[in-house]
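Chemist: One structure, pasted below without further comment.
The values are calculated or read from the model by the stated rules, or taken from the named source; none is laboratory data. Owing to the predicted nature of the structure, the values given are computational and were not obtained by experimental measurement. Neighbour counts are summed over all protein chains in view; Cβ atoms, including those assigned to glycine, are modelled from backbone coordinates with ideal geometry. What goes into the accessible areas is simple: the full protein's heavy atoms, side chains included, and nothing from ligands, DNA or RNA. Shrake-Rupley method; radii C 1.70, N 1.55, O 1.52, S 1.80 Å.
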Amino acid sequence: MAASARRQGTYFGGTPTVGTFFSSQSAVGSKDGDTYCTASVVHSKTRDLILTAGHCSFSLGKTHQVFVPKYQRGQGGARQELGIFPIKKVFKDPRYVRNTKGSVSDLDFGFARVGRNSKGQKLEDATGAALKLTPTGSYEHKNVTVIGYPAGQAAGNDDQKPLKCTANTARLPRFRQMEFVCGGYYGGVSGGPWITDFNPETGTGTIIGNTGGYNGGGNDQNVDWLIYSPLHGRELQALYDDAVAGRKPSRPEKYSPVNDSPGLPGNAGTWTHAGLLASGHHTGPGSGDDLTVVWTDGEVTLYKNNQGRFEESRLKARNGTWTHARSITSGDFADRAEPDLMVLWTDGEVTLYPDVGTNGLSSGTEIQMAPPKSTWQYARQITAGRFKAKKYITDLTVRWKDGETSLYTSTGPKGFGTEHTLVKKQEPNWWHYPRQITSGQYADTSGWDLLVRWKDGELDSYTHTSPAGLGSEARFWGKNSTWTYARAMTTGDYTGNGRTDDVIVRWADGETTLYTGTRAGRIGTEHRLVSPHSLG
């Protein structure tokens with residue numbers, strides 16, 4: 001962009017919801033005291049939370065101990081309009097360990113909770129407002145206001161005023177980050193908010209980003225006119241939840257960039273309504289399993305797998321009946337090598353739809369496995385696998401309301417087969433707390449295993465589950481915030497390698513990911529089928 005056409009930021013008097021850091025209270029407003037990074041007040045039930053960059057958080061509470069909203073130079077600490085707030089506790093994603101140009105820079109955000117000012121006020125009570133934190137809707141936004149406190153001689157900011165500029169954003173190629181072009185953003189602006197619908201008088205608006213990311217938020221030439229921000233998705237939401245709860249952040253493993261792939265049709269807004277998922281090879285010879293989705297409005301869709309890209313085929317239009325489906329699974333219950341769909345309904349009815357690839361969901365072919373008001377009204381989740389069967393997927397695992405978990409072997413159109421108890425009804429019974437269960441070949445190809453996502457985000461597989469009982473527990477990771485956002489889960493053979501070890505997860509924000517090659521104790525390689533952000 002030509003320099004003559006470039007926007008230039010302007011210094012202004014500040015806004016209540018944006019401030020900067022100092023080393024100590026005595027340094028605030030002094031001749032020698034210099035600002036450090038920028039932060040914004042974000043709304044929370046604790047009313048004491050600020051957002052900044054991850055690389056800024058390394059020194060917070062240590063060499064930089066106080067936050068000053070709407071800081072004004074020349075005013076001593078006692079004369080700052082809104083007061084001074086000590087840093088009490090800092091939260092950053094544990095995978096972000098340094099300022100970097102690598103992919104982990106996508107996690108360059110952090111939160112801090114602050115104490116009260118000298119008047120005894122909580123932060124949001126003093127500022128009278130807070131910015132609204134929301135998932136980033138896309139890489140491209142119009143009329144975004146970025147605020148920061150430039151420091152140092154290069155900025156020409158002897159008055160230590162904040163800088164603001166309003167411009168559009170674009171995508172930083174190869175990263176989950178946005179870029180913003182406007183002059184004046186020298187060092188010190190890191191952590192500053194990227195705001196839509198900004199009201200400078202009240203300080204209100206919606207945060208879609210913060211200055212940070214690649215190379216600490218600035219480009220390779222260290223110029224003042226191109227800055228970056230990580231996208232705010234489920235990783236930031238998980239960190240926000242940790243900060244509000246005051247708990248130490250825990251994450252599954254090191255951060256790995258994912259492949260943005262068109263994969264499934266539709267956007268994240270649509271996929272937030274994907275209620276139930278099931279995997280099966282419904283469409284004859286091809287490259288792998290297909291995905292069945294029951295939507296919250298009762299529509300049922302089959303996504304045919306065409307070499308990793310999915311073609312949509314509607315099985316049922318929107319209707320009231322299928323809104324009452326509680327759990328679904330695909331299996332070869334009819335022993336014809338063409339997957340059947342089993343549906344557990346909220347009233348206790350269980351229905352089998354044979355040969356879905358050929359017959360669709362024709363009511364003329366459905367088989368009632370259990371009538372309404374049966375014992376099955378207490379079933380909560382079902383998943384099919386080969387826990388005993390050698391040829392076809394004819395075994396059914398069921399988790400009941402009271403935590404008891406059963407395995408039915410040799411399930412078919414004439415009945416559920418033989419029941420085996422995997423988990424007995426008992427108190428306390430942790431099997432009250434699974435949120436999703438699915439099954440596949442995670443350990444090896446000789447037997448099938450259960451995969452369980454628990455209420456607290458813990459993820460475990462039970463290898464070689466069989467009529468004899470649950471298999472050996474292999475922990476993917478302990479309780480964590482990120483996986484509490486999983487809303488639906490299924491396992492299939494989506495790569496066409498003959499092994500059922502690819503896990504699809506639909507997240508709370510609509511992002512839908514495929515983990516190929518999952519093994520016992522290790523989630524597979526992540527591929528994004530539906531991005532939480534339109535890629536523009």
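Chemist: Yes or no: residue 72 among the polar types (S, T, N, Q), closer than 22 Å to residue 194 by Cα and open to solvent by 10 Å² or more (accessible area, probe 1.4 Å)?
Modeler: Yes: the conditions hold for residue 72.
Chemist: Looking at residue 529, is it crowded, with 19+ Cβ neighbours inside 10 Å, of a type in the set (A, V, I, L, M) and touching a His at 6+ places or on another chain (Cβ under 7 Å)?
Modeler: Answer is no for this residue.
Chemist: Only one of 202, 196 is open to solvent by 20 Å² or more (accessible area, probe 1.4 Å), not in a loop (DSSP other than H, G, I, E, B) and not aromatic (Phe, Trp, Tyr). Can you tell me which?
Modeler: 196
Chemist: Follow-up. Does the stretch 488-503 contain at least one residue that is open to solvent by less than 30 Å² (accessible area, probe 1.4 Å) and either on the phi > 0 side of the Ramachandran plot or in contact with a helix residue (DSSP H, G or I) (Cβ under 7 Å, 6 or more places away or on another chain) (or both)?
Modeler: no
Chemist: Out of all the residues in the stretch 122-132, is one or more surrounded by fewer than 19 Cβ atoms within 10 Å (Cβ to Cβ) and part of a strand (DSSP E or B)?
Modeler: For the stretch 122-132, residues surrounded by fewer than 19 Cβ atoms within 10 Å (Cβ to Cβ) and part of a strand (DSSP E or B): present.
Chemist: Among the residues of the stretch 382-402, how many are touching a strand residue (DSSP E or B) at 6+ places or on another chain (Cβ under 8 Å), open to solvent by 20 Å² or more (accessible area, probe 1.4 Å) and not aromatic (Phe, Trp, Tyr)?
Modeler: 5
Condition check ((1) farther than 25 Å from residue 233 by Cβ; (2) in contact with a Ser or Thr (Cβ under 7 Å, 6 or more places away or on another chain)) across all residues:
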| residue | (1), (2) |
| --- | --- |
| 81 | yes, no |
| 90 | no, yes |
| 105 | no, no |
| 118 | yes, no |
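Chemist: Could I ask something else about it? Pairs only if they're at least six apart or on different chains, beta carbon under 8 angstrom, first in the stretch 402-422 and in contact (Cβ under 8 Å) with a residue 12 or more places away in the chain and outside any loop (DSSP other than H, G, I, E, B), second open to solvent by 10 Å² or more (accessible area, probe 1.4 Å) and among the acidic types (Asp, Glu); list them, first residue then second.
Modeler: Qualifying pairs under 8 Å: 406/419; 407/419; 408/419; 412/335; 421/404.
Chemist: Got a number for residues in the stretch 265-283 being in contact with a Gly (Cβ under 8 Å, 6 or more places away or on another chain) and open to solvent by 30 Å² or more (accessible area, probe 1.4 Å)?
Modeler: Number of matching residues: 6.
Chemist: Just need a number here: residues in the stretch 79-119 that are open to solvent by 40 Å² or more (accessible area, probe 1.4 Å), in a loop (DSSP other than H, G, I, E, B) and of a type outside the set (D, E, K, R).
Modeler: 4
Chemist: Given (1) open to solvent by less than 10 Å² (accessible area, probe 1.4 Å); (2) in contact with a helix residue (DSSP H, G or I) (Cβ under 7 Å, 6 or more places away or on another chain); (3) small (Gly, Ala, Ser), where does residue 461 come up short, assuming only one miss?
Modeler: For residue 461, the exception is condition (2).
Chemist: Could you grab me the full set of residues in the stretch 54-63 that are farther than 22 Å from residue 209 by Cβ and not charged (D, E, K, R)?
Modeler: Answer for the stretch 54-63, where residues must be farther than 22 Å from residue 209 by Cβ and not charged (D, E, K, R): 61, 63.
Chemist: Given 513, 500, which one is hydroxyl-bearing (Ser, Thr, Tyr), under 19 Å from residue 303 (Cβ atoms), assigned to a strand (DSSP E or B) and at pLDDT 90 or above?
Modeler: 513
Chemist: Might you check whether a residue that is part of a strand (DSSP E or B) and more than 30 Å from residue 456 (Cβ to Cβ) occurs anywhere in the stretch 205-224?
Modeler: Yes, the stretch 205-224 contains a residue that is part of a strand (DSSP E or B) and more than 30 Å from residue 456 (Cβ to Cβ).
Chemist: Now for a separate question. For residue 479, work out the one condition from (1) surrounded by fewer than 18 Cβ atoms within 10 Å (Cβ to Cβ); (2) of a type outside the set (S, T, N, Q); (3) within 19 Å of residue 251 (Cβ to Cβ); (4) modelled with pLDDT of 95 or more it doesn't fulfil.
Modeler: That leaves (4) as the condition not met.
Chemist: Residues in the stretch 246-261: is at least one at pLDDT below 90 and either over 23 Å from the mean Cα position of the chain (by Cα) or aliphatic (A, V, I, L, M) (or both)?
Modeler: Within the stretch 246-261, one or more residues are at pLDDT below 90 and either over 23 Å from the mean Cα position of the chain (by Cα) or aliphatic (A, V, I, L, M) (or both).
Chemist: Something else: Just give me the residues in the stretch 283-327 being within 24 Å of the chain's Cα centre (by Cα) and of a type in the set (Phe, Trp, Tyr), in sequence order.
Modeler: Within the stretch 283-327, 295, 303, 310 qualify.
Chemist: When residues of the stretch 34-46 are filtered for being open to solvent by 10 Å² or more (accessible area, probe 1.4 Å), in contact with a strand residue (DSSP E or B) (Cβ under 9 Å, 6 or more places away or on another chain) and outside any strand (DSSP E or B), how many remain?
Modeler: Qualifying residue count for the region: 4.
Chemist: Here is a check on your reading of the model: is residue 93 within 16 Å of residue 192 (Cα to Cα) and touching a helix residue (DSSP H, G or I) at 6+ places or on another chain (Cβ under 9 Å)?
Modeler: The answer is no for residue 93.
Chemist: So, in the stretch 362-401, of the ones that are of a type in the set (Lys, Arg) and in contact (Cβ under 8 Å) with a residue 60 or more places away in the chain, which residue ends up farthest from residue 314 (Cα to Cα)?
Modeler: 388
Chemist: Does residue 241 satisfy the condition of being touching a helix residue (DSSP H, G or I) at 6+ places or on another chain (Cβ under 9 Å) and not in a loop (DSSP other than H, G, I, E, B)?
Modeler: So residue 241 fits the description; yes.
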